[in-house]
Each structure stands twice: as C-alpha cells, then as structure tokens.
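The values are calculated or read from the model by the stated rules, or taken from the named source; none is laboratory data. Because the structure is predicted, anything quoted here is derived from the model rather than measured. All Cβ positions, glycine included, derive from the backbone under ideal geometry; neighbour counts span all protein chains shown. To get the accessible areas, we keep the full protein, side chains included, count just its heavy atoms, and leave off ligands, DNA and RNA. Shrake-Rupley method; radii C 1.70, N 1.55, O 1.52, S 1.80 Å.
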Amino acid sequence: MPSIPPPASVLVVGTVAFDTIETPFGRAERVLGGSATYASLAARLLTPDVRLSAVVGGDFPESHAEALRQRGVDTEGLARDPEGETFFWAGRYHHDLNHRDTLATHLNVLATFEPELPESYRDTRVLCLGNLDPTVQMSVLDQVTGPDGSGPTLVVMDTMNYWIEKTPGPLGEVLERVDVLVINDAEARELADTPNLVRAAREIRERGPQTLVIKKGEHGALLFTGETEAPTVFAAPAYPLEEVLDPTGAGDVFMGGFAGHLARVGEVTDDAFREAVVVGSAMASHAVEAFGPQRMLELTEADVRQRVAAFHALSAIPARLVA
Ligand code: AMP
C-alpha cells in the first residue's frame, strides 16, 4: 500500500444528528450527535485538514455547526435541507453498557440525501466512510478523485447492524472498495454470519477490506492484517475506566482517531495500523466519560498522549518472559 505524505487530508462522511440518550446514569435529550460529528472531532485533534460531508435539516442550530468549526473541522460540505428535519436517533443503554437498544432511527433528511462534494474536497487522501447509508458512502467514494485522479489513497469504513440488515447489496459493493473496515464484534458476526470472530474476519476480508478492526467495547479491539488465510493479529486492550457515563459515539471516535493518526504519520504499515488502534482506543476511552459529544469538544492532544502512555503501561508484558 502506498504511503501518504503527512499531514494528509481526511474527509469524514456520515451522519450529523440529534441524539436522545438514556443510560443508567442519566438522560440527554436531542443533543448533537451522529457518526460524522464524533469521527471528525476525533480526527481533527490529530491532523489539521479534516473535512466533513453530511446533511442536516432546517431545525439544526447554527451553533452546533459553529462548535465543529471552532474545533477546526471544515464544514463546507455540511449540506442543509431547510424543508426537512435532521437525522434523529434514540438509544437506551442497560446496566451493562456494552448493550443498547435503539429506540428510534428517523432518517429524515438522510432518506433523500445525495451528497455533492465541494470542489475543494475532491483531492482528499484519507476517506473515512462513517456509519451511513451505503449508497451515500458509495456516491462519496465515486466523487473523491484524490490528488492525482486515481481516487483516495486510503478508504476506512464503519457500518452497523441497521445497514447490514436493510441494505446488504449496496453494503457489499462498498466493501469491495474499502481498505480498512472498522466494526464491532456483533456486527462482524452478523456480517459474516458466523459466531467465531477469527473466521468472521477471514470471510469479511475476502469480501474486500485488506485490513479489519473488530471493536469489542470494554474488551478492547482486534486488528487483522497480512494474509487473509494466515492473518497477523494484534490485540489492544480497552482502558479500564471507573466511570463510564455514555458510550454513544465511541465507535465513531475510534474510527476518527484511527484515520487521523494514519493521516498524521503518513504511513499505512502494520506498525502504523497498530498505533492507530491504540490512539483510537485512547480517544474512545475519553469520549465515554461524558454525555454526548461533550468530552470530544474539550479534549486536548495532551489528554490523548497521557492515555496512550497509560495503555502502554497497561499491556506491557515483562520482556524476560519471552527472552
Ligand atoms: P456509535 O455509538 O459509535 O455506534 O455511534 C452512535 C452515533 O451514530 C449516534 O450519534 C447516532 O446519531 C449515530 N447513528 C445511530 N444509528 C445510525 C445509523 N443507522 N446510521 C448512521 N448513524 C447512526
């Protein structure tokens, strides 16, 4: 895979939403959410050129868009449909925060969204296809020419059960064109229709993405690279937190941090992927400590660095064991 001169541009496409969130620790009503919101905020903390493509309705307050701009996210590609309502999602988490019920998904303006990328976005190198209708993901993929007309250098993608169940055909077509897929364990099992994660990884990688990250919530993440038949596997732990308030967006933050790190170092080697998994995990561990996107709107690079160091200490196996 080619290298990407750093710092590379990152384009995040996904949802910008209103979320209503219930956890055992509280409730947040119609707060700013959406996969693109979380992922772009995460990526922008690591690399300077982060572009956003999404759609909102006439009900979306300008102050939310301004909050993204204040954090340095380029919102030229944030379309507004004044006649429609913004994508709305409601979820309820149980005592075990790894599990949640989706109470409502109202596509609203997303149902008719046909993104047209601003000219200034088309040369993007690192394309982050956030959790979204795969038909829209494909349309964006087709519009990114990359710096030399041959398309984006790296395509990272996320999806979820909603799209796996409702749009398997278009999802399969996007998968064929993706370099890195980032999904959670339940989605990997569902996508591959098999309970074993290693087997699921092989089947998914055979369908397109050379690199696969399987997130396992509070149990960390697995990275599969190399040969599909004999993969190289890297396991990163999750940071053991005493207080988790709201896991919403953790997966998107992970993807934004993962892609942002690769854009920043300009490398797509196995080591860079491993680093990206740790950085993504460190950022996600911060995101879940507050409701909605609050923590992501305040997080600093120093916070991320500190937690990456904590991750290192957390999983360091004394060398003499393997000497
Ligand atoms: P995560 O917790 O990482 O799965 O992301 C949660 C975010 O994804 C919320 O802010 C929602 O607005 C958004 N979301 C929920 N369902 C969907 C969907 N079907 N497609 C796109 N984004 C969604």
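Laid out as a table, the results:
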{"quantity": "Hey, GLY58 small (Gly, Ala, Ser), in contact with an Asp or Glu (Cβ under 8 Å, 6 or more places away or on another chain), away from the ligand (no atom under 16 Å from the Cβ) and open to solvent by 20 Å² or more (accessible area, probe 1.4 Å) or not", "calculated": "yes"}
{"quantity": "Any chance ALA90 is over 24 Å from VAL73 (Cβ atoms), within 15 Å of the ligand (Cβ to nearest atom), buried (at least 17 other Cβ atoms within 10 Å of the Cβ) and at pLDDT 95 or above", "calculated": "yes"}
{"quantity": "Among the candidates PRO247, PRO209, residue that is crowded, with 20+ Cβ neighbours inside 10 Å, more than 16 Å from the ligand (Cβ to nearest atom), not aliphatic (A, V, I, L, M) and not in a helix (DSSP H, G or I)", "calculated": "PRO209"}
{"quantity": "Every pair of residues 6+ apart whose Cβ atoms lie under 7 Å, when the first sits in region 244-260 and is within 16 Å of LEU299 (Cα to Cα) while the second is hydroxyl-bearing (Ser, Thr, Tyr) and near the ligand (Cβ under 6 Å from one of its atoms)", "calculated": "ASP252/SER35"}
{"quantity": "Count - residues of region 94-109 that are within 15 Å of GLY251 (Cα to Cα) and assigned to a strand (DSSP E or B)", "calculated": "1"}
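Per-residue answers, yes or no, for (1) loosely packed, with under 15 Cβ neighbours inside 10 Å; (2) out of contact with any strand residue (DSSP E or B) (no Cβ under 6 Å at 6 or more places or on another chain); (3) not acidic (Asp, Glu):
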residue: THR167; (1), (2), (3): no, yes, yes
residue: LEU171; (1), (2), (3): no, yes, yes
residue: VAL180; (1), (2), (3): no, no, yes
residue: GLU187; (1), (2), (3): no, yes, no
residue: GLU190; (1), (2), (3): no, yes, no
residue: VAL213; (1), (2), (3): no, no, yes
residue: HIS219; (1), (2), (3): yes, yes, yes
residue: TYR239; (1), (2), (3): no, yes, yes
